[in-house]
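Worksheet: one structure, shown below.
The values are calculated or read from the model by the stated rules, or taken from the named source; none is laboratory data. Here the structure is a predicted model, which means the values were calculated and not measured. Glycine gets a Cβ as well: all are built from the backbone with ideal geometry, and neighbour counts include every protein chain shown. To get the accessible areas, we keep the full protein, side chains included, count just its heavy atoms, and leave off ligands, DNA and RNA. Shrake-Rupley method; radii C 1.70, N 1.55, O 1.52, S 1.80 Å.
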Number of protein chains: 2
Amino acid sequence: MTQAYVEGPMQEYLEDAASNRPAPGGGSVSAMVGALGMTMAEMALNFTIGKKKFVEVEEKAKALLSAISEARATCQACVDRDVSAYGEVSAAYGMPRATDEEKKARTAAIQSALKTAMQPPLDTFRAVAGVMQAIRDCVDVANPNLISDVGVAAIHARAALEGARLNVEINLAYLKDSDLVAAVRDEIEKESNRALKLAEETHRLVTCRVAGGE
Amino acid sequence: MTQAYVEGPMQEYLEDAASNRPAPGGGSVSAMVGALGMTMAEMALNFTIGKKKFVEVEEKAKALLSAISEARATCQACVDRDVSAYGEVSAAYGMPRATDEEKKARTAAIQSALKTAMQPPLDTFRAVAGVMQAIRDCVDVANPNLISDVGVAAIHARAALEGARLNVEINLAYLKDSDLVAAVRDEIEKESNRALKLAEETHRLVTCRVAGGE
């Protein structure tokens, strides 16, 4: 891959993801869903900032937008970083294993590549979890005409979080560094619980408002 | 918009979605998330079909792939159909309303445009709900090496379903055709319950297998 997927046609990314190529896989796709979720909160805030009607929350809206845009940038980068990292894992598994020396080198390379491969979904997870409160705050801050888009942001942020988590876990299952495994498991468990509650709260609040015809 | 978004760079779609343009909005983005979810089930099946090891489930895998690829085609089409339909709603709201005649014409145009605008998210919803059982079946049929991707498919299919539903509901809230509103509400309520259960079951089964290191 010479060109970054985010710079290329969506159609091509979707075709490659669906095909029998190892990548893009679940980590990349979940990063993309995270980026898509963030855009909806950004749009809601961009329809708030600069409008007289919402001048009282302008500073708050700007701060939310800044945090959420940064999370999108991380997710967008992970769309392609995940593809590259996956290539390293494949290369390590393809190493020779005829002698004990080779086996040892291969095992070390696989372990190193798995750690590298875990990083993009972990970064996606952290970026999305880190702005779940900001997305929740959009319910109170953003232009009410875009309330359903805030709900869509929360729904897709949640999916990105869960998809990224699954891709962290698939790497953890093969990693032998037990201290690292325990630390990451602990982090994703705690953060998931916190972030999922916020996503559900946001979704519920939005559904109530939409049902009321605003 | 002259070019379809799915044919253009992902980066551009994300920027336009995040910006203060009315579209792409939540309906389009949810259709995109649906397409992304489908690709992961397709990939898992494409790593199953044609392999000696899975010859016993080959026919079943092909049938699942065909259904899921069709659902992806519907979602991909809705990425752009949602943008076009939203344009009609904006145009209708922009109609003159100085006289009673004008008001009547504007109201009729808005109601008609809202019905049109509801269709793409409803089609996304139906396409995704229609293959949730197929995605669930991938847990038993697809190559176990891709189990986490089947989980990612279920997670993003669920998000697409919920995001599309919210965009159907925002239109229902303003539609005056009470028979249509009641019929659609009834359909999405029933189908959501069924499809969400399947998505959760799939996610749970995949999480157990991943935790077991397969």
(message) Could you work out the pair-distance distribution P(r) of chain B from its alpha-carbon pairs, with 5 angstrom bin width and percents rounded to whole numbers?
(response) 1, 8, 14, 16, 16, 13, 12, 8, 5, 3, 2, 1, 1, 0, 0
(message) Please find, among residues of chain B, the one with the beta carbon closest to the rotation axis relating it to chain A, distance in whole Å.
(response) B:159, 2
(request) Figure the gain on full extension for residue A:204 and residue A:73 (residue separation times 0.36 nm, minus the Cα-Cα span) and round it to one decimal in nm. (result) 44.5 nm
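Per residue of B:41-53, count partner chain C-beta atoms within 10 Å of its C-beta, then hand back the mean as an integer.
Across the residues of B:41-53, the mean count of other-chain Cβ atoms within 10 Å is 3.
Looking only at other chains, what is the average number of their beta-carbon atoms within 10 angstrom of each beta-carbon in A:27-35?
That average works out to 5.
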(message) Threshold 40 Å², probe 1.4 Å: give the residues of segment B:134-176, in number order, that are less accessible with all protein chains present than with their chain alone.
(response) B:148, B:152, B:155, B:156, B:158, B:159, B:162, B:166, B:170, B:174
(message) For residue A:197, give me every one of the lysines with a C-alpha distance below 21 angstrom, ignoring sequence neighbours fewer than eight places off in its own chain.
(response) B:197
(message) Using all alpha carbons of segment B:105-152, what is the percent of pairwise distances in each 10 Å bin, ordered from the shortest bin to the longest?
(response) 23, 28, 21, 14, 11, 3
(message) I need to check one value: relative contact order of segment A:131-214, counting alpha carbon pairs closer than 8 Å and at least 6 residues apart, in percent.
(response) 54
(request) Taking every pair of alpha-carbon atoms in the protein assembly as shown, give the share separated by more than 28 Å as a whole percent. (result) 47
(message) Could you give each residue of segment B:33-44 its phi-based ³J(HN,Hα) in whole Hz, using Karplus coefficients 6.51, -1.76, 1.60 with θ = phi - 60°, and x for Gly or Pro?
(response) 5, x, 4, 4, x, 4, 4, 6, 6, 4, 4, 4
(message) Mean-square fluctuation check for chain A, GNM, Cα pairs under 10 Å: which of A:76, A:11, A:119 is largest?
(response) A:11
(request) Taking only protein heavy atoms into account and a 1.4 Å probe, give the accessible area per residue of segment A:127-214 in Å². (result) 38
(request) Mind jotting down the distance between the C-alpha centroids of segment A:1-70 and segment B:109-187, whole Å? (result) 21
(message) With a 1.4 Å probe, what is the total accessible area buried between chains A and B, in Å² rounded to the nearest 100?
(response) 4700
(message) Helix-only estimate, please: 222 nm mean residue ellipticity of the protein assembly as shown, summing -39500 (n - 2.57) across DSSP H runs of length 4 or more and dividing by its residues, to the nearest 500.
(response) -27500 deg cm²/dmol
(request) Enter the angle in degrees (range 0 to 90, nearest 10) between the Cα long axis of helix A:100-130 and the first principal axis of the Cα atoms of chain A, meaning the one along which they spread out most. (result) 0
(request) Take segment B:24-148, drop everything but the C-alpha atoms, weight them equally and run the Debye formula without solvent; then report log10 I(q)/I(0) at 0.18 Å⁻¹ to two decimals. (result) -0.87
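Rounded if a/c is under 1.5, else prolate if a/b is larger than b/c, else oblate: which is segment B:119-212, with a ≥ b ≥ c the root eigenvalues of its Cα gyration tensor? Kindly include the intermediate steps, with their values, before the conclusion.
Working: a/c = 3.15, a/b = 3.02, b/c = 1.05.
Taking the square roots of the gyration eigenvalues as a ≥ b ≥ c, segment B:119-212 is prolate.
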(message) Which residue fluctuates most in the GNM of chain A (Cα springs below 10 Å): A:199, A:109, A:117?
(response) A:109
(message) Of the candidates B:30, B:66, B:84, which one comes out as most mobile in a Gaussian network treatment of chain B with C-alpha springs shorter than 10 Å?
(response) B:66
(message) Using amide H atoms built in the peptide plane, which far-off residues or other-chain residues are under 5 Å from residue B:142 H to H?
(response) none
(message) Treating only the Cβ of Lys, Arg, Asp and Glu as charged (+1, +1, -1, -1), what charge dipole size does segment B:55-214 show about its Cα centre? Round to the nearest 20 debye.
(response) 340
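I need the calculated FRET efficiency for the pair residue B:60 and residue A:3, taking r as the beta carbon distance and R₀ as 25 Å, to the nearest 0.05.
Approximately 0.10, to the nearest 0.05.
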(request) Quote the accessible area belonging to residue A:69 in square angstrom, nearest 10, computed with a 1.4 Å probe and with ligands, DNA and RNA left uncounted. (result) 40
